[in-house]
Amino acid sequence: MARLEPALLKDILDTSTPANRSPFSRGLQRETKRAAVLSCAAKLFNTKGARSTTLADVASRLGLTKTSLYYYVATKEDLIYQCYDANMRQAHDQLNQAELAHERATDCLMAFLESQINTTLRSLDGEGDFYAAPLEVASLKAEHRELLEEEYRRLLRRLIDLLNRGIEAGQIRPCNPVVTIRAIVGALDWSFYWLYEMPREQARGVVNVLRDLLTHGLLSSPERPAGGDAATIPPLSAEDEAFDREAQNRLKQEAFLKAGTRCFNQKGFSGTSLDEIAEQLQVSKGAFYYHFANKEALLTQCFDYTLDRLEQVVARIEQLDAPPAAKLEAACRHIFALQNSDQGPLVHFNAITALPPDVRQRLLARLASVHATLEDYVAQAVRERQFREIPSGIVIQLLTGALNAAMDLDAWQSIDDINHSAGEYFSVFFSGLASPIPPQ
């Protein structure tokens, strides 16, 4: 349905009732048309961003007038809410189906996760609806935001309960179920984007890699961490992680960037208020405009600030005399620490859809360079038999998705010891990657 030609979509969405249609099926017809509207809008939201997409954009893609669109949605806010609500309903339905089909917790969890990936792949192949990644929930009105947040919490609670049942039944190794589920769900947070970009043949292999990695990660408990001595590599010091002297002299601008990053992460681009940022820092709004031309410029520099930090971590890790598996785990631990310390947070990359395409491409090119270095660690570790044979490109997309989501962990689990929490968070991945320990 998602890739029907505009003329055909217009026929589907035509609100008139031809004589040859049964009057008894009007409700079903309207629901089918509404689903087509939400699917079309979802595709636009996932590529352009919800707030950057207009009702005119959606109507144009469907070959409709805005007036016809108002038959299905009252406002832009209503359209965003309905798209996000459809996503949450679909996720709960898929978990319901997984629970009906499988008794074992691991089988049920994997069936749910695989269904999430397959839903995106079917939409890209023109065989199913698109669903909007709920990236801008924070910018919605309180009533809509609270409903969606509660549904998301309910979904995570169901998954946490599922993991607990698996641990109690001896089907899953002992682990922290809250942290583990947050890491697994976070790994898929960014999949709507990278699955769009990935060559179709490679994307079709994602489900197998996901099943292989997480099944091993949930079942196996190596005697030593996959990265070996990664946990013993000392944290990068504040001096090591500092910017250059010019940046040291821009402490006020850094304060704006950190405050802006927190707001963008919590409330999205549209929900972030420059007045609120200025109030947090106890400065005038004029002080903001001294450093930034507008809110878009602030978000752009927040991304550059984050990428500076990521590139710096990678550069320092590159200098370590350590095996590639340990380097990868050390990089993940350091980035996790940045996300959950006073030196962070790093900006949530889901916010990038709010930026113009040229800016987005420049920033994503920088991110791709960081990913390439981390991906090379996986490939090296496979060659040196520290990791099992597994496609490095897909592993890095899953790992960096989890890294991107790590900033939200403290809302679910208190972080008293960052290094310990990082170990728990990444345990499912590095246990899944680790080669079996040869018999002594």
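The values are calculated or read from the model by the stated rules, or taken from the named source; none is laboratory data. Everything numeric here is computed off the predicted structure, so don't read it as measured data. Because the Cβ atoms are built from the backbone with ideal geometry, glycine has one as well, and the counts that use them run over all protein chains shown.
Annotations
- Residue 384 being of a type in the set (Asp, Glu), surrounded by fewer than 22 Cβ atoms within 10 Å (Cβ to Cβ) and within 26 Å of residue 179 (Cα to Cα): no
- Scanning the range 102-153 for residues that are free of Cβ contacts under 8 Å to residues at least 60 places away in the same chain, crowded, with 17+ Cβ neighbours inside 10 Å and under 30 Å from residue 261 (Cα atoms) gives 134, 145.
- The listed residues are 330, 278, and the only one of them that is at pLDDT 80 or above and assigned by TED's automatic domain parsing to the domain that holds residue 398 turns out to be 330.
- Residue within the range 306-323 that is assigned to a helix (DSSP H, G or I), more than 24 Å from residue 408 (Cα to Cα) and β-branched (Val, Ile, Thr) present: yes
- Scanning the range 47-72 for residues that are free of Cβ contacts under 8 Å to residues at least 24 places away in the same chain and among the basic types (Lys, Arg) yields a count of 1.
- Restricting attention to the range 71-101, the residues that are loosely packed, with under 14 Cβ neighbours inside 10 Å, small (Gly, Ala, Ser) and in a helix (DSSP H, G or I) total 1.
- Index of the failed condition, residue 68 passing every other in (1) assigned to a helix (DSSP H, G or I); (2) touching a Ser or Thr at 6+ places or on another chain (Cβ under 9 Å); (3) at pLDDT 90 or above: (3)
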